[in-house]
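The values are calculated or read from the model by the stated rules, or taken from the named source; none is laboratory data. Values in this document were obtained by computation on a predicted structure and should not be read as measured data. Please note: Cβ atoms are built from the backbone with ideal geometry, for glycine as well, and neighbour counts cover all protein chains shown. Protein only, heavy atoms only, side chains kept; ligands, DNA and RNA dropped before computing areas. Shrake-Rupley method; radii C 1.70, N 1.55, O 1.52, S 1.80 Å.
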Amino acid sequence: MMKLSLLIGLALLAAFLWVRLAPSDPARWHQLPDPEPAPRGPGHVLARLEAQAGDMAALDAIIRDTARTQVLAGSLEDGMITYVTRSKWWGFPDYTTLARRGDDLVLYARLRFGASDFGVNAARVGKWRGRLGQGG
């Protein structure tokens, strides 16, 4: 029984470390789907916003102000930025790409691990849109 508990504990520790330490490859995550289809399932959100002058910079500041969020790749000058936001306890990474497409801004949020994020990405994108003044 003790061996089983130890094996389960080691497996949980290994999973925790993989989620926390797995590298995030910008070549994989710093992109929008092309063409831009509907999101492929739970944990995937695709939102279009009508952009006013300065909205991309304002939204970038809002996103950077989000707890446990950092830039993975891109810049305002590039017209596309990808962020990684990690969950508080396990550190699950969610990737969000902000890009200018014509007169619009596109936000594409998706999870990396698991089949669902229980609505976390949709809520986060809604909060960012609300802070920008474009609904939530």
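Taking the helices alone, the chain has a mean residue ellipticity at 222 nm of -10500 deg cm²/dmol, built from -39,500 (n - 2.57) per DSSP H run of at least 4 residues and averaged over all its residues. Whole-Hz Karplus values for the range 106-116 come out as 10, 10, 10, 10, 8, 8, 9, 10, x, 9, 8 Hz, taken residue by residue from phi with 6.51 cos²θ - 1.76 cosθ + 1.60 and θ = phi - 60°; glycine and proline positions read x. Look at the dipole of the range 67-112 built from charges on Cβ: of Gly91, Leu105, Leu72, the Cα furthest out on the positive end belongs to Gly91.
Taking all protein chains as present, what is the carbon and sulfur share of the accessible area of the chain, in % to the nearest whole number, probe 1.4 Å?
Here it works out to 60 percent.
When the square roots of the Cα gyration tensor eigenvalues are ordered a ≥ b ≥ c, the ratio a/c for the range 69-136 is 1.5 or more and a/b does not exceed b/c, which makes its shape oblate. For Arg110, Arg48, the ranking by accessible surface with the largest value first comes to Arg48, Arg110, using a 1.4 Å probe. In the chain, the ratio of gyration radius to Kirkwood radius, Rg to Rh, stands at 1.05 when only Cα atoms are counted.
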